[in-house]
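Below is one structure, written out as structure tokens; comments come after it.
The values are calculated or read from the model by the stated rules, or taken from the named source; none is laboratory data. Because the structure is a prediction, the values reported are computed rather than measured. Here the Cβ is made from the backbone with ideal geometry for all residues, glycine too, and neighbour counts use every protein chain on show. With ligands, DNA and RNA removed, areas are computed over all heavy atoms of the protein, side chains included. Shrake-Rupley method; radii C 1.70, N 1.55, O 1.52, S 1.80 Å.
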Amino acid sequence: MSDVSAFNFSAFATRLQTETFGRPLRAYDVVSSTNDLAREWASRGATSGSLVYAEKQTAGRGRLKRNWRSTYGKNLTFSLIIEHTIPPERMGLAVIGAAVSIRKTLDKLYDLKAQIKWPNDVLVEGCKISGILFEAEHTGVNHPGQRRRIIAGIGLNVNQQDFPGDFRTVPTSVSRALGRTVSREQLLGELLLTLEEELGDTQRLNDSELHLRYQQHLKGIGSPVSFRLHDGADRIEGIAAGIDHHGALEIMTDEGMKTFAAGEVGEAG
Ligand code: BTN
């Protein structure tokens, strides 16, 4: 692993301009899943903004029971503990907000144009560069304005060049797209700042404002899609019409408009 350059936490700390996101930080070499460690830390009273960072996960996971593979010391794999007031039915918008943050950060730092594939994949030229896994802390109580916590897990491929094995969507990384390696410290600092601003807006703005803001970032709206609720489920064919005010996907089918809060979109055909 001679070509691995260790993450420089003091360089990262000097770049971090957030109010809370990224502080305090628990950094690990190898863990099962940063989401699991963050959940455990949250249950023991971690404050909002706390960050769990790892160079490698042995059981990194994604949506729909898929795994997340990332080479040691090359990329960013982390989980943020975020206290928020977003009601459960609007969580879809917050996930899209996180994807928009990644898109904005890649554009700002590298002029790299990414697309968001509903609900949580960030793609560059059709290849997956980042995935997001939001997991709610279940409290059992549910009333308006209630403060809840979410574990926001993000995997972003940064300096990994080779992706051995089979993948559902071909992966890529920032360095593959740019043809050069980049500073993970700068990227994480900028991304946390953008996430803090964007997810703050997700709590402040109303559904219509967010809907307008987020729908424009999504790939494939207006195009034919083939949709599945989960692996093995029947495919639903139609035209991706947009997202509703809670971030759920609307598909115009032969039987009329259908709305889905979760699932996987593929290209039709
Ligand atoms: C997906 O593509 O479906 C989401 C992938 C999310 C991966 C990140 S890596 C950090 C955090 N820890 C995990 O186990 N998963 C998320």
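Could you check region 1-95 for strands (runs of 3 or more DSSP E) lying wholly inside it with 2 or more residues that are away from the ligand (no atom under 12 Å from the Cβ) and open to solvent by 30 Å² or more (accessible area, probe 1.4 Å)? Qualifying strands (runs of 3 or more DSSP E): 25-31.
When each of ALA114, ALA99 is tested for being modelled with pLDDT of 95 or more, crowded, with 19+ Cβ neighbours inside 10 Å, closer than 16 Å to GLU264 by Cβ and more than 9 Å from the ligand (Cβ to nearest atom), the lone residue that passes is ALA99. For region 238-247, a residue qualifies if it is within 24 Å of GLY62 (Cα to Cα), modelled with pLDDT of 90 or more and open to solvent by 10 Å² or more (accessible area, probe 1.4 Å), and exactly one does: ASP244. Scanning region 215-236 for residues that are outside any strand (DSSP E or B) and either open to solvent by 40 Å² or more (accessible area, probe 1.4 Å) or of a type in the set (S, T, N, Q) (or both) turns up GLN215, GLN216, LYS219, ILE221, GLY222, SER223, LEU229, HIS230, ASP231, GLY232, ASP234, ARG235. Just for region 68-95: of the residues that are under 13 Å from the mean Cα position of the chain (by Cα) and modelled with pLDDT under 95, which one is nearest to VAL182 (Cα to Cα)? That would be VAL95.
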